[in-house]
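The values are calculated or read from the model by the stated rules, or taken from the named source; none is laboratory data. What you are looking at is a predicted structure, and each value in this text was computed from that prediction instead of being measured. Cβ: placed from backbone, ideal geometry, glycine included. Neighbour counts: every protein chain shown. The area values use the complete protein model at the heavy-atom level, side chains included, leaving out ligands, DNA and RNA. Shrake-Rupley method; radii C 1.70, N 1.55, O 1.52, S 1.80 Å.
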Amino acid sequence: MRLPLLITAIACLSVNPLALADEVQVAVAANFTAPMQEIAQAFEQDTGNRVVAAFGSTGQLYAQISHGAPFEVFLAADATTPARIEQDGLAVTGTRFTYATGALALWSADASLISDGEQLLRSGSFQHLAIANPKTAPYGLAAKQVMQRLGLSAALAHTLVEGQSIGQTYQFVASGNAELGFVALSQVYRNGEITTGSAWQLPAELYEPIHQDAVLLDKGADNPAAAALLSYLKSERAAAIIRSYGYGH
């Protein structure tokens, strides 16, 4: 009498989407940490697939991928690095797309410090200005462009404290080791408001657009969960999360 019940249970299990769930290894640019964590939760809720993410500067992640790291999807902070990975033969051709357009902010943990960001930079009335490494972090390159276009590169050179990623740069400011710094807007912004401290959202004309591209890596070519994540990044639920952190999508 129990055999039919057992067969029914096995049949139900075989068509349960969660039973078919898998995981995907993702390399994620540090500026996208908070949105990716939220998207990963939503992705797992909706598909049952689990995201295992590693965060770092785009240049650092590129080096790891080039040396065989087991990542299956790459979410960069620029468009050129995924294109280079594709040219290197390490990505699936035709899978690259822009998942977000980033914004840069001048930020201080002191809520009263930044009222006029440009005037503050020109005044030089601070000792340390944090910036991500322009050679490995696209947001650091954008910050360098801002200083150049404001004509302040030489004047600010002695104040610069360089982080290896935008995540480390944020920590320099959050800890008080630097009075202010150039960070990703997404690190200090949520649903239309600066979440802590004070900030100046840099005008878009002061730096080149930060188009952030995703690509399916060769190691994920045969993993349905990897392809599913890339599709999910194009969904309205993911887009709403991305916009809530100040990105264009």
statement: Computed for the range 130-249: size of charge dipole around the Cα centre, +1 on C-beta of each Lys and Arg, -1 on C-beta of each Asp and Glu, debye to nearest 20, value 60
- request: Would you list which aspartates and glutamates come within 16 Å of Lys234, measuring only between C-alpha atoms, while excluding same-chain residues fewer than 8 positions from it?
  value: Glu38, Glu44, Asp46, Asp213
statement: In whole angstrom, the spacing between the Cα centers of the range 103-181 and the range 198-249 equals 24
query: Per residue, how much accessible area does the chain have with a 1.4 Å probe, in Å²?
result: 47
- prompt: Of all DSSP beta bridges located in the chain, what percent are antiparallel, nearest 5?
  reply: 55
query: Sorting Asp213, Asp46 by accessible area (1.4 Å probe), largest first, what list results?
result: Asp46, Asp213
- prompt: Can you pull the percent of the chain's accessible area that's carbon plus sulfur, 1.4 Å probe, other chains left in place?
  reply: 53
message: Apply the Karplus curve 6.51 cos²θ - 1.76 cosθ + 1.60, θ = phi - 60°, to the phi angles in the range 27-33 and return the couplings in whole Hz, x for Gly and Pro.
response: 9, 10, 4, 4, 4, 9, 4
statement: By the mean-Cβ-within-10 Å protection proxy, highest first, 233-244, 127-138 rank as 127-138, 233-244
- prompt: Which whole-number percentage describes the relative contact order of the range 15-104, with Cα contacts under 8 Å and a sequence gap of 6 or more?
  reply: 32
field: the range 84-91 - phi-based ³J(HN,Hα) in whole Hz, Karplus 6.51/-1.76/1.60, Gly and Pro as x
entry: 5, 4, 4, 5, 6, x, 9, 9
task: Mind putting a number on the dipole of the chain about its Cα centre? Charges go on the C-beta only, +1 for Lys and Arg and -1 for Asp and Glu, and I need it in Debye to the nearest 20.
output: 100
query: In whole angstrom, and with the biggest value first, how far do the Cα coordinates of the range 92-248 range along each principal axis?
result: 54, 30, 29
message: At 1.4 Å probe size, put Thr33, Thr195 in order of accessible surface, largest to smallest.
response: Thr195, Thr33
- prompt: Can you list the lysines whose alpha carbon is less than 29 Å from that of Lys144, not counting same-chain residues fewer than 8 positions off?
  reply: Lys135
